[in-house]
1. If you take the residues of the range 42-75 that are out of contact with any Ser or Thr (no Cβ under 8 Å at 6 or more places or on another chain) and not in a helix (DSSP H, G or I), which of them is surrounded by the fewest Cβ atoms within 10 Å (Cβ to Cβ)?
2. Return the residues of the range 193-252 that are surrounded by 13 or more Cβ atoms within 10 Å (Cβ to Cβ) and part of a helix (DSSP H, G or I); say none if nothing qualifies.
3. Limited to the range 93-134, what total is found for residues that are modelled with pLDDT of 95 or more and surrounded by 17 or more Cβ atoms within 10 Å (Cβ to Cβ)?
4. For Val169, are the conditions met, namely being among the β-branched types (Val, Ile, Thr), surrounded by 14 or more Cβ atoms within 10 Å (Cβ to Cβ), assigned to a helix (DSSP H, G or I) and modelled with pLDDT of 95 or more?
Amino acid sequence: MKHILNILFFSLLISSVSVAAEIDTLFYKANKEYSEELYTNAIDDYLQIIDKGFESADLYFNLGNAYFKSENIPAAILYFEKAKKLRPNDEDINFNLNVANTMIVDKIEPVPVLFFWNWWRSVYNLFNADTWARISVYGFILFFVLLAFYLLSKQIIIRKTAFYSGLVVLFITLFTISIAYQKYKILKYQKEAIVFTPTITVKSSPNQNSVDLFVIHEGSKVKIVEQVGGWYEIKIANGSVGWLPASSLKSI
């Protein structure tokens, strides 16, 4: 039995190494094709990597650039948005996404928000969910170290310093846990998508014969509120809501 388990373990290990090597080879090949302006070939290779279950901010960013160079702006925006989810504060990703957004028809003004909300969003977007979670773990470790100093030290100055420092660290740690939880919650439950139909009318209900509300164009980002059959209820940045066929959207 032990012999069989060892064989299975080494088989899985060899398989994992083989897949990783194949992904590295494809990624290098796609980057080379991109540098040689063979954008269609590069796109095919980047998509092959995604089909193998691999994702990274660099992969999505490079794929977005390849689509941008191919003048497929909706697809470029889609993959820049995917890259931004994994690395929200990356200057290159945000810059290229902003450039791509200037090339679409719809210029949707977001609902005005309070200064505090802008500040919160800037802090919130500093890191992705995994990084905030790691910061929380480090915070707890530091808190318990300070707690140990407080409980074990016999010097008043060290006990006081450890006590007040521990309170500050605990507060910051709880704050980072809150952000990490919100990030994971949004990743799991809040869905966004990019419109891929050149021009489409948003409906008042999930029915092609329902009332026309407004027109939206390819490349626009929408928030998915609900799904009914083959329709999504969507919300755009200015607060307007309506229904679109699921086939007209691609999820971020």
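1. Kept after step one, since they are out of contact with any Ser or Thr (no Cβ under 8 Å at 6 or more places or on another chain), are these residues of the range 42-75: 42, 44-69, 71-75.
Add one more test, that the residue is not in a helix (DSSP H, G or I), and what stays is 52-56, 71-72.
Details: Lys52: 13, Gly53: 8, Phe54: 15, Glu55: 14, Ser56: 16, Glu71: 10, Asn72: 19.
For the range 42-75, the residue satisfying everything is Gly53.
2. Ala246, Ser248
3. So the count comes out to 6.
4. Values: among the β-branched types (Val, Ile, Thr): yes; surrounded by 14 or more Cβ atoms within 10 Å (Cβ to Cβ): yes; assigned to a helix (DSSP H, G or I): yes; modelled with pLDDT of 95 or more: yes.
Judged against the criteria, Val169 is a match.
The values are calculated or read from the model by the stated rules, or taken from the named source; none is laboratory data. None of the values given here were measured: they were computed from a predicted structure. Note that each Cβ is placed from the backbone with ideal geometry, even for glycine, and that neighbours are counted across all protein chains shown.
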